[in-house]
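As structure tokens, the structure follows; a few thoughts come after it.
Taken together, the values in this text are just the output of simple stated rules run on the coordinates, not laboratory data. Remember, it's a predicted structure, so these values are computed and weren't measured experimentally. Virtual Cβ from ideal backbone geometry, glycine too; neighbours counted across all protein chains shown.
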Amino acid sequence: MLKVLLWICLLPGLLSSCQRQTGEDTLDILFTGDVLLDRGVHHEIERHGVEGLFEGVDEAFRQADAVVINLECPLTSRHTPVGKKFVFRAEPEWAEDLRRAGVTHAALANNHTIDQGREGLADTYHALRKAGITPLGYGRTADEQSAPVVIRKGSLEVALFNTIPLPIENWPQAEGKPDICRMSVRRLAAVIRKYKAAHPETRVVAVLHWGTEFQPVPDMQQRYDARLLAQAGTDAIVGHHPHVPQPADSVGSAPVFYSLGNFVFDPIHPAAQKAAMALLRFTPTGVQAETIPVEIRRCRPQMTQKTLSLPSDSH
């Protein structure tokens, strides 16, 4: 297993200064929590535009090779809501604004991209692709949904797998129709083990929508599932869904971000106004991991000054 290099650097100049220290080829991927473009955020978009939502994090976005958000709403002109408690929708043209803000990839395997039905989900996929953003966790077949998205830079390759192992309200699975990946973690671990055997030089990141909402610490199922994935050869794990940040950890050599919390959101609960970004730097010899704390102010993420290091595995 690859050695995890734990490091602390302060923004600005975060990535450039660290690259000078390593002297190695690097691939830097920045992950965020939930991006919602509806409800209270919609009012902020009317004032400042979609790109304005990301002004407080634009430096980190610009310095990363790839930025992966969890898109917490469909991008569609359809008004075909699924029968569930919370239903969201955003305009498809806003995908272009997300790309201009620096977003390169969007995780779709969550419990809200399906809020406007299967065609609304398909519209989301096509809007993202048209804007130059690569969707994760989408397809019309189980094989398509579970296929990884590979990010390449020089000799480095990182495969991103995205799934929601939680039940989804009023949403039956249907082979051959637009859907998101809903593999269990046990099944995902088997897929990753097979993938790593065929691609031993490719690093693997599991992007999971999991955990219990508003719980500040990971539950036992998350911890168990993290171990399954690490044992299968997963190099890093990034999670969201609880709407609050949960402590980062490591399982063996794999950094685990159990929950990054919200990102672009209209939180009411005070704890949900705290969030984080996860920065993963891949090199030919290892993976470095850092938590970048964020505060959400008027729906917009703002980086704080303090930078946290990843603790060692203690379980």
Report summary line: Checked against the positive end of the charge dipole of the chain (+1 on Cβ of Lys and Arg, -1 on Cβ of Asp and Glu, about the Cα centre), the farthest of H43, I268, I237 is I237
Report task. Binning at 5 Å from 0, report for the range 254-295 what percent of all alpha-carbon pair distances ends up in each bin. Result -> 6, 21, 25, 18, 12, 10, 5, 3, 1
**Report entry** Interatomic Cα distance distribution for the chain, bins of 20 angstrom, percent
**Finding:** 36, 60, 4
Report task. Net charge near H241: determine it from the other residues with C-beta under 12 Å of the C-beta of H241, scoring Lys and Arg +1 and Asp and Glu -1. Result -> -4
Report task. Please turn the phi angles of the range 285-291 into ³J(HN,Hα) values with the Karplus equation 6.51 cos²θ - 1.76 cosθ + 1.60 (θ = phi - 60°), one per residue in order, whole Hz, x for glycine and proline. Result -> 10, x, 10, 10, 9, 8, 9
**Report entry** Cα centroid separation - the range 240-296 against the range 37-103, whole Å
**Finding:** 19
Query raised in the report: With respect to the cross-link table entries K85/K274; K130/K177; K84/K194; K194/K274; K153/K196, which display a Cα-Cα separation exceeding 28 Å?
Result: K84/K194; K194/K274
**Report entry** Label zone at Q302 (point 7 Å along Cα-to-Cβ), backbone N below 15 Å, the range 241-270
**Finding:** 264-265, 267
Query - Summed residue charge, Cβ within 12 Å of A272's Cβ, Lys/Arg positive, Asp/Glu negative - result: -3
Requested in this report: Would you mind working out the magnitude of the charge dipole of the chain relative to its Cα centre, with +1 at each Lys and Arg C-beta and -1 at each Asp and Glu C-beta, to the nearest 20 Debye?
Outcome: 500
Query raised in the report: Quick one: net charge of H105's neighbours, Cβ under 12 Å, K/R +1, D/E -1?
Result: +1
